[in-house]
Each structure stands twice: as structure tokens, then as C-alpha cells.
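The values are calculated or read from the model by the stated rules, or taken from the named source; none is laboratory data. Since we're looking at a predicted model, the values are computed, not measured. Counting neighbours? That spans all protein chains shown, and the Cβs are built from the backbone with ideal geometry, glycine included. The accessibility values were calculated without ligands, DNA or RNA, using every heavy atom of the protein model including side chains. Shrake-Rupley method; radii C 1.70, N 1.55, O 1.52, S 1.80 Å.
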Amino acid sequence: MLEYRGVTKKFYKRDAEVVALRNVSFKIDEGRFVSVVGPSGCGKSTLLNLSAGLSMPTAGEVLYKGKQVTDINTQLGYITQRDNLLEWSTVYDNIVIALRIRRMPRQKQKELADYYLNLMGLTDFAKHYPMELSGGMRKRASLARTLIYSPELVMMDEPFSALDAHVKGMMHEELLRVWELEKKTILFITHDLTEAITLSDQVVVLSARPGTVKAIIDIDLPRPRDPFLLQTTPEFIEIYHRVWELLRDDIRKSEAA
Ligand SMILES: Nc1ncnc2c1ncn2[C@@H]1O[C@H](COP(=O)(O)OP(=O)(O)OP(=O)(O)O)[C@@H](O)[C@H]1O
Ligand SMILES: [Mg+2]
């Protein structure tokens with residue numbers, strides 16, 4: 001579905017050069033849930049911007065369904081680090097925006113909106129404005145707004161980082177339920193290791209900047225998963241320690257920088 005092949009990305013600001021990513025290669029097969037973890041500033045959001053075609057690699061290539069991404073890639077869904085809900089539009093209007101742009105008949109828009117509002121537990125808030133929602137509800141609204149146009153690949157950039165632990169856990173349950181129901185491919189960015197392991201089939205560990213792939217870990221914990229119970233099992237804890245060992249030094253390095 002998506003492949004990074006030897007991707008290097010440099011940014012130039014005045015005289016300074018920042019190497020955000022160096023020679024990054026990994027791929028995401030259809031239907032898989034893959035997370036990328038790594039210290040702040042190691043190029044995680046940059047990876048997503050490259051797949052969305054918002055910027056181009058300095059070296060290497062990004063392939064979406066076997067084709068090189070050379071322009072804005074509207075086929076995938078991208079939930080950016082900020083939720084980007086339109087404050088002056090209702091939840092309903094926010095959710096159907098992509099369908100309006102595609103000029104889908106209104107009745108069909110409504111059917112889909114009702115389905116996703118219900119799926120995300122937002123039916124009673126359809127006429128509310130984003131500022132009237134809690135943090136978790138805003139995240140669910142932006143998820144609905146992306147899922148409604150059925151992208152095969154959904155990229156999510158630290159979607160739950162601002163939420164408290166319990167709301168986060170509930171969002172994990174919902175996301176896993178939707179993923180299993182709708183058979184999406186998901187590329188999920190986080191620096192929360194517990195979150196990455198709980199959700200994913202595979203975790204890609206990036207080093208401190210310049211981001212390079214340190215390891216790709218298969219998470220072969222059984223599904224369906226109950227996020228709360230899973231995190232107390234010895235199998236989970238063993239994987240957690242293994243990945244944490246890989247990340248620890250790089251997180252220290254990035255904190256010191
Ligand atoms: N458009 C840009 N112009 C210049 N530098 C940029 C640009 N985008 C990102 N960078 C730099 O590239 C590096 C990687 O940034 P990026 O946002 O991808 O990191 P990140 O891993 O997503 O960090 P965080 O976990 O804090 O969100 C940083 O040093 C950042 O300052
Ligand atoms: Mg980021």
C-alpha cells in the first residue's frame with residue numbers, strides 16, 4: 001500500500017541544513033496497522049507529509065500502491081497533528097466536507113454522515129460547533145471526517161496525544177473496532193510506546209534526528225485486543241521493555257539537544 005525507499009529529507013533555512021530523515025526504508029502492507037515511534041523532531045510528521053505529497057524527498061522515493069508520489073495524494077486520509085476542524089461549521093458540516101467537494105448527492109451524504117456520527121458516538125452533537133466538544137469528541141469528529149470518504153490508507157499523526165489516559169484508552173477501543181470493521185490500512189504516529197504496541201501489527205522505531213529506522217518490531221499479540229487488559233499481560237510487558245531498550249538512548253539524546 002505504501003513504501004518508503006531510501007528516503008532522505010533535508011530542510012534548508014537560510015544557511016542551515018536540517019537533515020530530518022536519512023535513508024528510511026519500510027513498507028506498509030494492505031490491511032495492516034503500523035505505528036511509527038521516535039523522539040520529538042525525528043521526522044515523523046515529515047514522513048506523513050511526504051506520503052501525502054505535501055513535500056518531496058531529497059533522495060529516495062515514496063510509493064503509494066506501487067506508484068511514486070509526485071503530487072498531492074488525495075487518495076489517502078490524513079489526520080494531521082492538529083485536528084483542523086472548521087470552528088465556524090457544525091460537526092455535521094465538518095464531517096461531510098469531503099463529500100461536498102466530491103459533489104455527492106445530499107441524501108447519500110446524509111446517509112453516510114448518520115452512519116459515521118453513530119459509529120463515533122456523535123449523533124447528538126451533529127448540530128454543535130467544534131468549540132462545544134470535548135477533546136475526545138473532537139478527535140472522533142476528525143476521524144469521522146476522514147473515514148467518511150473511504151480512504152484505503154489512513155494516516156494519523158499523534159491523534160490522541162492531548163487526551164487523558166482513560167479517554168485515550170477508550171479511543172483505542174473505538175479505533176480498533178472501526179479498523180476491524182472497515183478493514184483499513186493505518187499508519188499511526190505516536191511517541192507513546194504503550195499506545196503503539198496496543199494498537200499495531202508492527203512498530204517502526206526511529207532514531208533521534210536525523211530519523212533512521214532502528215528496528216521494525218512485529219507485535220504478534222492476539223486480536224481482537226482489549227487495550228486495558230492487554231497492557232497488564234506478561235507478553236505485552238516483554239515487548240514494551242524490548243522496544244523501550246531501543247528507544248531510550250535516542251530519547252535522552254533528543255532531550256539533551
Ligand atoms: N517545513 C519545514 N521547514 C524547515 N524545517 C522543518 C520543516 N518541517 C520540519 N522541519 C524540521 O524537521 C525536523 C523533523 O520535524 P518533524 O515535524 O517531522 O518531527 P516529528 O518527529 O514529527 O516531531 P514531533 O514528535 O515533535 O511532532 C525538525 O527538526 C523540524 O524542525
Ligand atoms: Mg510531528
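Table for the structure above
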{"quantity": "Reduced Cα scattering model of the range 194-257, Debye log10 I(q)/I(0), q = 0.19, 0.24 Å⁻¹", "calculated": "-0.73, -1.00"}
{"quantity": "For H166, solvent-accessible area (1.4 Å; no DNA, RNA or ligand), Å²", "calculated": "130"}
{"quantity": "Share, in percent, of DSSP beta bridges within the chain that are antiparallel, nearest 5", "calculated": "55"}
{"quantity": "Accessible area of the range 82-150 belonging to carbon and sulfur atoms, whole % at 1.4 Å probe", "calculated": "54"}
{"quantity": "Span from the the range 130-195 Cα centroid across to the the range 23-85 one, whole angstrom", "calculated": "17"}
{"quantity": "Links that overshoot a 29 Å alpha carbon limit, given the list K44/K67; K9/K168; K10/K168", "calculated": "K9/K168; K10/K168"}
{"quantity": "Solvent-accessible ranking of I237, I186, largest area first, probe 1.4 Å", "calculated": "I237, I186"}
{"quantity": "Loop-located GluC sites (Glu not before Pro) in the range 1-50 whose Cβ has at most 14 other Cβ within 10 Å (DSSP)", "calculated": "E30"}
{"quantity": "Globularity ratio of the chain, using Cα Rg and 2.2 N^0.38 Å", "calculated": "1.02"}
{"quantity": "Stretch gain in nm, segment R100-E132, where the contour uses 0.36 nm per residue and the Cα spacing is subtracted", "calculated": "9.2 nm"}
{"quantity": "The range 1-97 pair-distance distribution - Cα-Cα, 10 Å bins, rounded %", "calculated": "14, 41, 30, 14, 2"}
{"quantity": "Fully extended contour minus Cα-Cα distance, from I72 to E180, at 0.36 nm per residue", "calculated": "36.1 nm"}
{"quantity": "Mean residue ellipticity (222 nm) of the chain, computed from DSSP H runs ≥ 4 via -39,500 (n - 2.57), nearest 500", "calculated": "-11500 deg cm²/dmol"}
{"quantity": "Label-point separation, L54 to Q81 (7 Å along Cα→Cβ), nm", "calculated": "1.0"}
{"quantity": "Relative contact order [Cα under 8 Å, 6+ residues apart], the chain, whole percent", "calculated": "26"}
{"quantity": "Taking the range 82-150 and dividing mean pair separation by its residue count, relative contact order in percent (alpha carbons under 8 Å, at least six apart)", "calculated": "52"}
{"quantity": "Neighbour net charge for L112 - beta-carbon separation under 15 angstrom, K R +1, D E -1", "calculated": "+3"}
{"quantity": "The chain, accessible area per residue, ligands and nucleic acids excluded (1.4 Å, Å²)", "calculated": "50"}
